[in-house]
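Student: Take this structure first; my questions come after.
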Amino acid sequence: MELLEIAKKRFSVRDYTDQKVEPEKLNKILEAAHVAPTAANLQPVHLIVAQSDEALAKVSKAANIYCAPLAIIVCADHNKACVRPFDKKQTGDIDASILTDHMMLQATELGLGSVWVCYFKPDVLSKEFDLPANLEPVNILVVGYSAEGEGDLNRFDVQRIPMSDLVSYDKL
């Protein structure tokens, strides 16, 4: 499958079957995160894989994970992140987002559904997983087998702004 086809096939799944994600598929998803680029290759990200009932219950205290069998908490490590010298922007959240996107696309290619959850209580996750102060939960990637079927590949014609509003060339 070509990348653009995978990107179009991916959609936010909010209803999952009970089927567990096979270890070999989870490993491929994590490998996609491992090879993702980060600023200055500092790799300031830590992933917490929640797949046991106990761990999923902890995540559920902080966010709706739609009864999925797998949730990956994506954390930025502020002790390792690149800092842009001009404005002191730390890139950990950007790096975490790049890893998340890689994992989402890999999950799609493997026939799995996912949803990127940013609406969560970071303080609850930090407490439940006893995170050190340098680890900031940036998002949660929920993964599993979709009970919703597949996304409409033509939805982008009506769900996205026109390309002319998205892109400008050489000037605003």
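Student: List every residue pair whose Cβ atoms lie under 6 Å apart, where the two residues are 6 or more positions apart in sequence or sit on different chains, the first residue falls within the stretch 28-51 and is closer than 19 Å to residue 134 by Cβ, and the second residue, located anywhere, is among the charged types (D, E, K, R) and open to solvent by 50 Å² or more (accessible area, probe 1.4 Å).
Tutor: These pairs meet every condition: 42/80; 44/80.
Student: Could you please find all residues in the stretch 20-32 being out of contact with any strand residue (DSSP E or B) (no Cβ under 7 Å at 6 or more places or on another chain) and assigned to a loop (DSSP other than H, G, I, E, B)?
Tutor: 20, 22
Results for (1) farther than 18 Å from residue 12 by Cβ; (2) of a type outside the set (Ser, Thr, Tyr), shown as yes or no for each residue.
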site	(1), (2)
56	yes, yes
86	yes, yes
89	yes, yes
101	no, yes
122	yes, yes
163	yes, yes
169	yes, no
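Student: Continuing with the same structure: Can you pull out the residues in the stretch 90-130 that are of a type in the set (A, V, I, L, M), without any contact (Cβ under 8 Å) to a residue 60 or more places away in the chain and open to solvent by less than 60 Å² (accessible area, probe 1.4 Å)? Break it down stepwise before answering.
Tutor: So in the stretch 90-130, the residues of a type in the set (A, V, I, L, M) come out as 94, 96, 98-99, 103-105, 107, 110, 112, 115, 117, 124-125.
Now restrict to residues that are without any contact (Cβ under 8 Å) to a residue 60 or more places away in the chain: 94, 96, 117.
Residues satisfying the conditions are 96, 117.
Student: Between a residue in the stretch 155-167 that is open to solvent by less than 100 Å² (accessible area, probe 1.4 Å) and modelled with pLDDT of 90 or more and any residue that is part of a helix (DSSP H, G or I) and of a type outside the set (Val, Ile, Thr), which pairs come within a Cβ distance under 7 Å, given they are 6 or more apart or on different chains?
Tutor: Listed pairs, sorted by first residue: none to list.
The values are calculated or read from the model by the stated rules, or taken from the named source; none is laboratory data. Owing to the predicted nature of the structure, the values given are computational and were not obtained by experimental measurement. Using ideal geometry, Cβ is built from the backbone for each residue, glycine included, and neighbour counts are taken over all protein chains shown. To get the accessible areas, we keep the full protein, side chains included, count just its heavy atoms, and leave off ligands, DNA and RNA. Shrake-Rupley method; radii C 1.70, N 1.55, O 1.52, S 1.80 Å.
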